[in-house]
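The values are calculated or read from the model by the stated rules, or taken from the named source; none is laboratory data. Please read all numbers here as calculations on a predicted model, not as lab measurements. Cβ atoms come from the backbone with ideal geometry, glycine included; neighbour counts cover every protein chain shown. For the accessible areas, the whole protein counts, side chains as well, though only heavy atoms, and no ligand, DNA or RNA atoms are used. Shrake-Rupley method; radii C 1.70, N 1.55, O 1.52, S 1.80 Å.
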Amino acid sequence: MKKVLISPAKYLQGNNELSNLGSYVRGFGYNALLVASTDDQERVQHHLDEANEKENFNLIYGGFNTECTKKEIERLRRMCAKDNCDVIIGLGGGKALDTAKAVGHFENKPVIVVPTIASTDAPCSGLAVIYTEHGEFEEYIFFKRNPDLVLVDTGIIAKAPSRFLVAGMGDALSTYFEARSCAKAYANNIPGGKSTLAALAIAKLCYETLLADSLKAKAACDNNVVTAALENIIEANILLSGLGFESSGLAAAHAIHNGLTVLEETHHYFHGEKVSFGVIVHLVLENAPSEELNKVLHYCQSLGLPVCLKDLGVTDVTTEKVMEIAKAACAEGETIYNMPFDVTVEDVYAAIITADELGGSI
Ligand SMILES: [Zn+2]
């Protein structure tokens, strides 16, 4: 049996670590192209200035046009070539990071990823989600390798609104359950092999860390301070969930997320918030023990993560709408078919209705 695990070459996390950026850039060269929106760049400008004072390097401000599109990747690739960049730095949320990863891949340059929020498990992965100019999903691009360095400054993440951190917990919550289902089904993970014992252990540790430290971490983030619990949750959201999902695989929870995106009402909610309800549906679909389901429902409720459709803006729940979600979740090629049993649109419809009832009544 072919097993495969992929990961970034290096993961580094600490308070005020961005001010050491220069020494990491110098490990790859001198000219660094920064892919970051003006807002994100301004938020951390003093760290960038400090980094340059500590260790001299040439930071070329490439900007970022809010969406990871082919056109934006092309623009930054031209900049990279013109300015002889030695390394690409992606800084900000998932889309800027994905764009930087794509530029590094096509220009064959090393990539440093600096997440400024911990809202998804995208930073460590070796793939990017490409959107059209109008912001619609276009395709996934899979890279030859994962980022060379993931540099996480916990002080910067603590100063971002805690809704991002909580959404990241919702995304990370799915990791263990999807990994477990994929392992039972002997389904392939993202790099096309079976899960290793290591990836499964990481996914389990991700869930245990969330249960132990989420509330404490949210309280720290609400007050913009770094505590040990917040550090653990940042690691769970970014590293454990990142390695777990990529090397163990996705299943029903993320397919339900994709299904939910067909309803306009859900568009204002973050990825991890929709995944959170996806986890409830996933557990209902596989008929997980009541004790486990209740634990997850109460976990989500304690953090304000969505547990029913109303929590995602769907106030008028109709048969048609739920059927639309179920059909989209069961589209050809969806990860729902990684569940260890046959899944039909009717099964998914029933699981959504039931999850909505259970979540709505706690
Ligand atoms: Zn996700």
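Things worth noting here:
- Percent accessible area from carbon and sulfur atoms, region 251-362, protein chains only, probe 1.4 Å: 50 percent
- DSSP bridge orientation in the chain - percent antiparallel, rounded to nearest 5: 20 percent
- Dipole of region 235-343, positive end: most advanced residue of S248, P340, V307 [Cβ charges, Cα centre]: V307
- Ranking by accessible area, most exposed first, for T315, T154, T196, T38 with a 1.4 Å probe: T315, T38, T196, T154
- Note on N58 and E292: with the Förster distance fixed at 45 Å, the Cβ-Cβ geometry gives a FRET efficiency of about 0.30.
- Over the C-alpha trace of region 251-362, radius of gyration and Dmax come out as 12.5, 35 angstrom.
- Within region 1-147, percent of DSSP bridges classed antiparallel, to nearest 5: 30 percent
- Candidates R78, R43, R145, ranked by Gaussian network fluctuation over the chain, Cα under 10 Å, top entry: R78
- Fully extending the segment from L215 to Q301 would add 29.9 nm, taking 0.36 nm per residue of separation and subtracting the current Cα-Cα distance.
- Across S125, S214, S290, mean-square fluctuation computed from a Gaussian network of the chain (C-alpha pairs under 10 Å connected) peaks at S290.
- Gained length - K82 relative to Y30, 0.36 nm times residue gap less alpha-carbon distance: 17.3 nm
- In the chain, helices alone account for a calculated mean residue ellipticity at 222 nm of -16000 deg cm²/dmol, with every DSSP H run of four or more residues adding -39,500 (n - 2.57).
- Reachable aspartates and glutamates, given that their alpha-carbon falls under 14 Å from the alpha-carbon of K310 and they are not under 8 places away in the same chain: E264, E265, E273, D356, E357
- Over region 194-264 - Rg/Rh using Cα atoms and the Kirkwood inverse-distance radius: 1.08
- Protection proxy ranking, peptides 93-104, 157-168, 16-27, average beta carbon neighbours within 10 Å, highest first: 93-104, 157-168, 16-27
- Hz values of 3J(HN,Hα) by residue in region 277-294 - Karplus curve (6.51, -1.76, 1.60), Gly and Pro given as x: 5, x, 5, 4, 5, 3, 5, 5, 4, 8, 6, 4, x, 4, 4, 5, 4, 5
- The chain - charge dipole about Cα centre, Lys and Arg +1 at Cβ, Asp and Glu -1, debye rounded to 20: 1080 debye
- Viscosity 0.890 mPa s, 25 °C: Kirkwood-radius Stokes-Einstein D of the chain over Cα pairs, µm²/s: 119 µm²/s
- Computed E for F106/H46 - FRET, C-beta separation, R0 22 angstrom, nearest 0.05: 0.10
- Integer Hz, Karplus 6.51/-1.76/1.60 couplings in order for region 127-142, x for Gly and Pro: 9, 9, 9, 9, 10, 7, 4, 8, x, 9, 4, 10, 6, 9, 10, 9
- Proximal lysines relative to K218, as straight alpha-carbon distance under 20 Å, when same-chain residues fewer than 8 apart are discounted: K159, K274, K295
- Calculated FRET efficiency, T315 to K159, Cβ-Cβ distance, R0 = 41 Å: about 0.80 to the nearest 0.05.
- What region 200-273 shows is 35 Å² of accessible area per residue, with the surface traced by a 1.4 Å probe over protein heavy atoms.
- Projecting the Cα atoms of L21, A288, A326 onto the dipole axis of the chain, where Lys and Arg carry +1 and Asp and Glu carry -1 at the beta carbon, places L21 farthest toward the positive end.
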